[in-house]
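The values are calculated or read from the model by the stated rules, or taken from the named source; none is laboratory data. On a predicted model such as this, the values are computed, not experimentally measured, just so you know. Glycine also receives a Cβ, built like all others from the backbone with ideal geometry; neighbour counts cover every protein chain displayed.
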Amino acid sequence: MNAKEKRAIIDDCIRVAGTLAELSRRLKASPSQIINWRKRGVPPRWVLPLEVAVESQVSRFRISPELYPPEPKSSRQQAVLSA
C-alpha cells in the first residue's frame, strides 16, 4: 500500500466520523496517533476498532489488505462469472 492510499483511508475514516476529534474520541486514541497512521498505516491492533468506529463504512479489507486480504471467489462464483 502506498502513502497516497494510506492517507486516503484515514481521510475517509475522519470524513465518516465527522472530525478528527470525533474519530479520536471513538477510538480513545490521540489525534496525533491517528494522523501518524496516514504515513505509516494503521497498526494491526487498531484495524478492527477503526472499522467499528466508522460503522464498517471503511472495511478492514481496505484498511489493512495485508492482514485481511479479499476472500477468494468460490468456484461457483467463478463459473458464473466466466460463463
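With Val52, Val42 as the choices, which residue is surrounded by 15 or more Cβ atoms within 10 Å (Cβ to Cβ) and modelled with pLDDT of 95 or more?
Going through Val52, Val42 in turn, the sole match is Val42.
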Check your understanding: Restricting to the stretch 16-51, what's the tally of residues that are free of Cβ contacts under 8 Å to residues at least 12 places away in the same chain and assigned to a helix (DSSP H, G or I)?
Key -> 9
Review point. Just checking, how many residues over the stretch 37-49 are under 8 Å from the mean Cα position of the chain (by Cα) and farther than 16 Å from Glu5 by Cα?
Key: 0
Check your understanding: Can you find even one residue in the stretch 18-39 that is modelled with pLDDT under 95, exposed (fewer than 12 other Cβ atoms within 10 Å of the Cβ) and on the phi < 0 side of the Ramachandran plot?
Key -> yes
Exercise for review: Please name all residue pairs, on different chains or six or more residues apart, with Cβ atoms under 6 Å, provided the first residue is in the stretch 54-83 and is closer than 17 Å to Ile10 by Cα and β-branched (Val, Ile, Thr) and the second residue is in a loop (DSSP other than H, G, I, E, B) and at pLDDT 95 or above.
Suggested key: Ile63/Val42
Practice item. Determine whether the stretch 63-71 contains at least one residue that is among the aromatic types (Phe, Trp, Tyr), out of contact with any Cys (no Cβ under 6 Å at 6 or more places or on another chain) and either over 18 Å from Asn2 (Cβ atoms) or modelled with pLDDT under 95 (or both). Key: yes
